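Accompanying notes for the structure given below.
We did not get these values from a lab; they are worked out from the coordinates using the rules stated. Small disclaimer: the values here were computed from a predicted structure and weren't measured. Neighbour counts are summed over all protein chains in view; Cβ atoms, including those assigned to glycine, are modelled from backbone coordinates with ideal geometry.
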Ligand SMILES: Cc1cc2nc3c(=O)[nH]c(=O)nc-3n(C[C@H](O)[C@H](O)[C@H](O)COP(=O)(O)OP(=O)(O)OC[C@H]3O[C@@H](n4cnc5c(N)ncnc54)[C@H](O)[C@@H]3O)c2cc1C
């Protein structure tokens, strides 16, 4: 067998994108992902421009028994987008969005980011559920679930997926949707990137905005108990038009600890002010941005809080109830938080996302409740021990309040603790992911 460098030289004659070896000057930049704590060194990075490039890269990996990692937006906190000594299939150049306003659908390339997707679909007053940070990848977020502002009204991102084009482990390019390869379509919706490399995704769109009501209201941290109780009570009465997230965090001055509620309202504008009034009038705020805002802007408003290259270590628990005891634990954990960049955030799950039958997709987390995340984030290696320690301590403290573990690794995607149909998932794993060169891992075996 030819050595890797010779195979790369041969392939580069027909490859549309770029092939980067460690000796190439761009390799060091290309191997980095969002989380600065991730420092893996792939043997080869294949920056693919389309499905044919992906096929060629997958076949080369088979030939050289290289483990494959797929990079969409590179936001996965546990660093699944890259791999030591293997092949990183980097889709960051495979970015495009074609919106069809008549059919109310949009097709996006496997490396597209949500900011780009929202911009193209909002040009027609349309949108689908996507991430709340505009630099997150469409593919990774959707294949793992997809929590966003529109989740209570239209379901998770994966509930709006109509089909994918996917390159399988043997290099074949197939379509998966409700009619073609329906088992594979079931598995990719929640099973992440374990079944192949998704070169494009097609979504259902809905009328949204462009002007909606959203933003954040923050009060001094001494009001945290009352803030979280207000959040819980408001959440219990919330209609499908309302999405709520609470956070105990530090204000942009880097010193003032605050308790905050971020809200989005996606119903008739005539009653928007009345709907969000309980949050607006609760107490004298230190920050209040809650009001009319373009949907696209709402989805970029948190970007600055998550800078690329910061060091991240995240944990989460799903609590069916936000009890008074859980609230006290969360407040206590936040008091001990070592970095102004870190926060505890609580996402409320209700509405359309919770009405989808669990067996319909490979994503199991369909109950109403509260996803409590310890988002440990800091800027320099000197903060590693404190940053890791705080996330682990918060995780342990929250365990008694949690019904079941949502994300048991540093991963941020909402991988369910148990697949909804383990036998079906096993069948799919042996048919697809187990044949991936050099790897037998599945989402489930790494996350539980
Ligand atoms: C700042 C920040 C904000 C976030 N906000 C949200 C949020 O609002 N809602 C939410 O649900 N999650 C959110 N997440 C979590 C995020 O959805 C997951 O980390 C997701 O995996 C990121 O997708 P990506 O394409 O950017 O990731 P990557 O790291 O590129 O990929 C993650 C995994 O997905 C798979 N993958 C990616 N692209 C493809 C592809 N084209 N084909 C096959 N497999 C692929 C790969 O297996 C890869 O290992 C956030 C994460 C961060 C860091």
> Residues in segment 18-35 near a label at residue 93, defined as backbone nitrogen under 16 Å from the 7 Å Cα→Cβ point?
Replying inline: 18-22, 24-32
> In what sequence do 102, 222 fall when counting other Cβ within 10 Å, fewest first?
Replying inline: 102, 222
> Which whole-number percentage describes the relative contact order of the chain, with Cα contacts under 8 Å and a sequence gap of 6 or more?
Replying inline: 16 percent
>> Give me log10 I(q)/I(0) at q = 0.09, 0.14 Å⁻¹ for the chain, Debye formula, one equal scatterer per alpha-carbon, no solvent.
In response: -0.56, -1.35
> Using helices alone, what [θ] at 222 nm do you get for the chain, with -39,500 (n - 2.57) per DSSP H run of 4 or more residues, divided over all residues and rounded to the nearest 500?
Replying inline: -8000 deg cm²/dmol
>> Place a point 7 Å from Cα of residue 41 in the direction of its Cβ. Which residues in segment 1-30 have their backbone N less than 16 Å from it?
In response: 21-30
>> Checking the a/c ratio against 1.5 first, then a/b against b/c, what shape does the Cα gyration tensor give for segment 289-401?
In response: oblate
> What residues from segment 205-235 fall in the zone where the backbone N is under 16 Å from a label point 7 Å along the Cα-to-C-beta line of residue 273?
Replying inline: 212-214
> Relative to the first principal axis of the alpha-carbon coordinates of the chain, what is the inclination of helix 182-191, with its axis defined by its Cα atoms, in degrees from 0 to 90 and to the nearest 10?
Replying inline: 60 degrees
> What's the exposure ranking of 286, 188, going from fewest to most Cβ atoms within 10 Å?
Replying inline: 286, 188
> Just for the chain, what percent of DSSP beta bridges are antiparallel, to the closest 5?
Replying inline: 90 percent
> Hull surface divided by four, with the convex hull built on the Cα atoms of segment 97-208: how many nm²?
Replying inline: 6.3 nm²
> What is the gain in length, in nm to one decimal, between residue 281 and residue 328 on full extension, counting 0.36 nm per residue of separation less the C-alpha to C-alpha distance?
Replying inline: 14.6 nm
>> Would segment 184-343 count as rounded, prolate or oblate if I go by the C-alpha gyration tensor, calling it rounded below 1.5 in a/c and otherwise prolate when a/b exceeds b/c, oblate otherwise?
In response: oblate
> For the pair residue 21 and residue 173, how long in nm is the line joining their label points, each one 7 Å along Cα→Cβ?
Replying inline: 2.7 nm
